[in-house]
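The values are calculated or read from the model by the stated rules, or taken from the named source; none is laboratory data. On a predicted model such as this, the values are computed, not experimentally measured, just so you know. Heads up, the Cβs are rebuilt from the backbone with ideal geometry, glycines too, and the neighbour counts pull from every protein chain shown.
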Amino acid sequence: MRHGQRCSPCSYGPLSKGLGIGRQLLKRAEQALFIQRDRISPVTDGSEEIRANGFYRRLGWERVGRVDERDVKYEKQRPRSVGPAQL
């Protein structure tokens with residue numbers, strides 16, 4: 001992906017919750033994106049009832065601000081000890 005490109009949200013049903021599927025998908029997406037950049041920043045609906053907010057926070061993402069009256073932006077930086085060749 002190039003800077004500014006977006007990917008569609010991915011969600012799963014309640015029967016899949018707690019199986020680690022979302023965590024695995026996000027980990028692979030992070031690995032692929034960190035090859036190309038040092039920082040990645042997803043945007044999601046900022047409402048607390050939106051599960052993505054807790055999911056991102058539990059996985060170490062930092063909420064860095066609001067995009068508009070509804071959406072918020074999260075951010076994660078590539079670990080300093082890991083270069084693109086090591087991902």
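Points worth noting:
- Failed item, numbered, when Leu15 is tested on (1) assigned to a loop (DSSP other than H, G, I, E, B); (2) modelled with pLDDT under 90: (1)
- Candidates are the residues of region 33-55 that are over 12 Å from the mean Cα position of the chain (by Cα) and part of a helix (DSSP H, G or I); the one that is nearest to Asp71 (Cα to Cα) is Arg51.
- Residue check for Lys27: closer than 14 Å to Cys10 by Cβ and either at pLDDT 90 or above or of a type in the set (D, E, K, R) (or both): yes
- Among residues of region 31-48 that are under 16 Å from Glu62 (Cα atoms), those with a beta-carbon under 6 Å from a residue that is among the β-branched types (Val, Ile, Thr) and part of a loop (DSSP other than H, G, I, E, B) at least six positions away or on a different chain give the pairs Val43/Val67.
Yes or no, residue by residue, for (1) among the small types (Gly, Ala, Ser); (2) at pLDDT 90 or above; (3) part of a helix (DSSP H, G or I); (4) in contact with a Cys (Cβ under 8 Å, 6 or more places away or on another chain):
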residue	(1), (2), (3), (4)
His3	no, no, no, no
Ser11	yes, no, no, no
Gly22	yes, no, yes, yes
Gln31	no, yes, yes, no
Gly60	yes, yes, no, no
Gly65	yes, yes, no, no
Glu75	no, yes, no, no
Pro79	no, no, no, no
Ala85	yes, no, yes, no
